[in-house]
Amino acid sequence: MKADLAKVLLELERLQEAHMRRLLEPNAKPEIALTEAERQAAVELLCDPNLVARVLDDYARCGLVGERDNALIGYLAATSRLLDDPVAVIVQSSSAAGKSSLMEAVLSFVPEEHRVSYSAMTPQSLYYVGERDLAHKVLAVSEGQGAEEASYALKLLQSERTL
């Protein structure tokens, strides 16, 4: 029986190690290629002198009302994810003030493959995320209490430009 248990234990350790290696590998997702027409439309949008108003109008069409400044700040922070030194935003307010609605609206403007959402996070959980899995992505933690424990680790990763 000892020999059989030893074999089971060795197999479980092998499976666990393989699983950990897969978790630590960066997700190799192909970059999205734009057609020439899509690229031209994107450049046209970026060159529009009314870009800010258009973005804010889009937020209003999505149902976000009365949060123009916060929506714009969230949008700028979310789009800065592609920069070498992105902007970080923490949304804090009293209960039932609309934080979740604001965050959901901002996240809806970010492509799904560029956002990572958690309800809570511990400092240890960051070790289970692949090193490059959070690079150039929006990390959204739903509850302030959910990120409180990991705040130091998150700030450290951000200052090291890993997050």
Using only protein heavy atoms and a 1.4 Å probe, report how much of Lys99 is accessible, in Å² to the nearest 10. 60
If I ignore ligands, DNA and RNA and count only protein heavy atoms, how much of Ser142 is accessible to a 1.4 Å probe, in Å² to the nearest 10? 60
Probe 1.4 Å - accessible area at Ile73, Å² to nearest ten: 90
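Using helices alone, I'd like the mean residue ellipticity at 222 nm for the chain: each DSSP H run of four-plus residues gives -39500 (n - 2.57), total over residue count, nearest 500.
Result for the chain, helices only: -15500 deg cm²/dmol.
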If you split all Cα-Cα distances of the chain into 5 Å bins from zero, what percentages do you get per bin, shortest first? 1, 7, 13, 16, 17, 13, 10, 8, 5, 3, 2, 2, 1, 1, 0, 0
Tell me, in nm to one decimal, what length is gained between Tyr128 and Ser80 on full extension, where the rule is 0.36 nm per residue of separation less the Cα-Cα distance? 14.8 nm
Excluding residues fewer than 8 positions from Lys99 in its own chain, the aspartates and glutamates with Cα under 15 Å of it are Glu67, Asp69, Glu143
Between Lys2 and Leu34, what is 0.36 nm times their sequence separation minus the Cα-Cα distance? Round to one decimal in nm. 5.6 nm
Among all the aspartates and glutamates, which ones have a C-alpha under 14 Å from Lys137's C-alpha, if same-chain residues fewer than 8 places away are not counted? Glu31, Asp84, Asp85, Glu112, Glu113
Under 5 Å, built H, 5+ apart or other chain: amide partners of Val141: Tyr118
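The values are calculated or read from the model by the stated rules, or taken from the named source; none is laboratory data. Predicted, not measured: the structure shown is a model, and the values here were computed from it. Just the protein is used for accessible areas: all its heavy atoms, side chains included, with ligands, DNA and RNA removed. Shrake-Rupley method; radii C 1.70, N 1.55, O 1.52, S 1.80 Å.
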